[in-house]
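Trainee: My questions all concern the structure below.
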Amino acid sequence: MENRDSFVSSLGILLAMAGSAVGLGNLWRFPYMVGTNGGAAFIIIYLLIVAVLALPIMYSEFILGRKAQSNIIGGFRKLAPGTRWGFVGVICLLCTVMIISFYSVVGGWTIDYLLKSLTLSFTSSDAEIDSMFTDLVSSVWQPLIYMFIFIVVTGCILLAGVKDGIEKYSKILMPLLFVMVIIIAVHSVTLPNSGGGVEFLFKPDFSLVTAATFLDALGQAFFSLSIGAGMVFTYGSYVKRKENIVSLSAQTAIMDTLFAVIAGVAIMPAVFAFGISPSEGPGLVFVTLPYIFAQIPYGSILAILFFFVLFIAAITSSISLLEVIVAYMIEEWKLSRKTSVIISVIVITILGSFCSLSQGVMSDVLIMGSNIFDVFDITSANILMPLGALSFVLFAGWKLKKEDFMNEISSDGIYKFCPSFRLFIYWSVKYLAPITVSVIMISGLF
Ligand code: PHE
């Protein structure tokens with residue numbers, strides 16, 4: 001226990017948590033979700049869900065990890081010895097392996113686009129930009145090589161450990177990320193005819209809201225805040241008892257949400273200024289943006305900046321994913337950090353290769369109608385993450401005694417929250433979150 005690596009500063013924890021949360025989910029998935037769900041109304045629902053539902057889940061996952069001071073598998077065994085709760089760890093580990101496998105493929109595309117932007121390869125012909133993306137994702141070697149580079153970079157950062165790797169890099173990379181995305185956002189809103197995009201983001205039209213909008217907002221919140229997959233549990237296990245879990249979680253959620261909204265401001269006004277449909281979907285970042293960058297003043301510089309931001313955001317998220325796996329191997333298999341990193345890099349490379357090839361030569365390998373990439377994406381976000389989240393709140397709300405829960409939340413009384421707020425947290429963990437998550441899961445599965 002003594003030689004377990006841990007975070008050294010509260011700011012470091014916060015930036016590492018935010019580094020995990022802020023990722024492709026914010027820059028690529030959020031704008032496209034907002035685009036396909038009618039804009040501002042979706043954002044308002046998303047904010048509500050983050051505040052009342054996602055936060056209790058995050059607190060639960062966080063306190064359990066900190067209490068266990070162990071990896072996701074061993075941790076549950078420690079929290080509930082001799083019970084079936086250990087299975088939660090297995091679900092989370094599987095979920096993490098699936099996410100990082102397809103995440104690394106998109107991370108690889110990001111590296112490729114960063115290099116393309118550096119060599120000024122974007123033209124203003126939309127057909128060329130379109131085929132540039134399709135050619136890349138469907139070819140064999142190029143995406144595989146970049147995916148491998150992405151995984152190796154992630155592994156190298158993790159070799160340095162928690163405080164000298166994750167914490168140190170997050171402290172440098174996260175502020176840089178905010179500054180860069182703000183520069184792009186400022187530029188985007190000053191484009192001629194960008195007003196429509198700003199209006200789309202901030203003027204709600206509730207007539208477009210359906211039940212599916214709520215489901216999309218919930219799924220987006222889980223993915224974006226990295227909850228339910230064991231990441232918060234694992235980082236929580238590196239946190240000392242004196243840290244304020246409630247405030248760290250809230251600050252992480254605020255940073256993540258703020259970043260998503262700024263990313264929306266960076267992307268939507270530009271999309272509107274060029275008369276492109278906001279509901280373009282997953283191609284928004286890789287197809288629409290290069291087309292826009294090719295036509296605006298300083299576009300080539302902004303393109304480099306944007307793909308660099310995307311790369312950094314993806315890396316700080318993937319280190320958190322890989323750490324869940326590495327922590328498990330170090331503690332349960334008694335391997336060194338180096339060996340654990342090497343083995344997990346090999347495993348992720350193999351699984352990621354299937355995801356990558358499923359966009360091209362293996363596109364006819366379908367599991368229940370979806371290619372491997374989509375199966376990994378859908379299974380992790382729609383089934384395993386909600387299942388993980390549900391398990392965390394059930395454990396924290398029903399298995400822990402009420403006074404233990406209150407002690408964990410307040411770090412043994414160091415932090416005094418007003419009694420009604422504490423009770424609100426407790427009831428949301430015990431009833432609100434499990435019921436709502438079950439509803440989403442059941443409707444999601446249909
Ligand atoms: N939150 C990350 C993103 O938005 C993805 C992620 C999910 C990271 C789960 C860790 C765990 O890109």
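Trainee: Put a dot 7 Å past each Cα toward the Cβ at GLU403 and THR83; how far apart are the dots in nm?
Mentor: If labels sit at THR83 and GLU403, their model points lie 1.9 nm apart.
Trainee: If you don't mind, another one. Quick one: order LYS416, LYS67 from most to least accessible surface, probe 1.4 Å.
Mentor: Greatest to least solvent exposure: LYS416, LYS67.
Trainee: Related question: Give me the number: length gained by fully extending ILE254 to VAL347, i.e. 0.36 nm times residue separation minus the C-alpha to C-alpha distance, one decimal in nm.
Mentor: Gain on stretching ILE254 to VAL347: 30.1 nm.
Trainee: Hey, which aspartates and glutamates would be in cross-link range of LYS163, C-alpha to C-alpha under 13 Å, not counting anything within fewer than 8 residues on its own chain?
Mentor: Result set, ordered by chain and number: ASP5, GLU323.
Trainee: Based on the Cβ-Cβ distance from TYR415 to THR134, what FRET efficiency comes out when R0 is 60 Å, to the nearest 0.05? Before the final figure, lay out each step's value.
Mentor: Working: r = 52 Å, r/R0 = 0.87.
Here the calculated transfer efficiency is 0.70.
Trainee: Follow-up. Which order do MET132, MET385 take by accessible area at a 1.4 Å probe, largest first?
Mentor: Greatest to least solvent exposure: MET132, MET385.
Trainee: Between rounded, prolate and oblate, where does the range 173-231 land on the alpha carbon gyration tensor, with a ≥ b ≥ c its root eigenvalues, rounded for a/c under 1.5, else prolate if a/b exceeds b/c?
Mentor: oblate
Trainee: So, in nm, how far is label MET368 from label THR339 when the simple model puts each one 7 Å beyond its Cα toward the Cβ?
Mentor: Result: 3.7 nm between the two label points.
Trainee: Moving on. Could you work out [θ]222 nm for the chain from helices alone, using -39500 (n - 2.57) per DSSP H run of at least four and dividing by all its residues? Round to the nearest 500 deg cm²/dmol.
Mentor: -22000 deg cm²/dmol
Trainee: Relative to the present Cα-Cα distance, how much length would full extension add between SER10 and PHE446 at 0.36 nm per residue of separation?
Mentor: 152.8 nm
Trainee: In nm, give the distance between the simple-model label positions of TRP427 and VAL361, each being 7 Å from the Cα along the Cα-to-Cβ direction.
Mentor: Each label point lies 7 Å from its Cα, and together they span 5.9 nm.
Trainee: Could you please state how large a percent of the accessible area of the range 78-236 is carbon and sulfur, counting protein chains only and using a 1.4 Å probe?
Mentor: Numbers: 4660 of 6710 Å².
Here it works out to 69 percent.
Trainee: Using a ≥ b ≥ c from the Cα gyration tensor of the chain (square roots of the eigenvalues), is it rounded, prolate or oblate, where a/c under 1.5 gives rounded and otherwise the larger of a/b and b/c decides, a/b for prolate? Intermediate values should be presented prior to the final figure.
Mentor: Working: a/c = 1.67, a/b = 1.36, b/c = 1.23.
Prolate, since a/c reaches 1.5 and a/b exceeds b/c.
Trainee: So, one more: Which of GLY86, MET406, GLY195 sits farthest toward the positive end of the charge dipole of the chain, with +1 on the Cβ of Lys and Arg and -1 on the Cβ of Asp and Glu?
Mentor: MET406
Trainee: Rounded, prolate or oblate: which fits the range 1-153 when a ≥ b ≥ c are the square roots of the eigenvalues of the alpha-carbon gyration tensor, with rounded for a/c under 1.5 and prolate only if a/b beats b/c?
Mentor: In terms of gyration-tensor shape, prolate.
The values are calculated or read from the model by the stated rules, or taken from the named source; none is laboratory data. All of these numbers come straight from a predicted model, not from anything done at the bench. Note that we place each Cβ from the backbone using ideal geometry, even for glycine, and neighbour counts take in every protein chain shown. When the accessible area is computed, the model is the full protein with side chains, heavy atoms only, and any ligands, DNA or RNA have been set aside. Shrake-Rupley method; radii C 1.70, N 1.55, O 1.52, S 1.80 Å.
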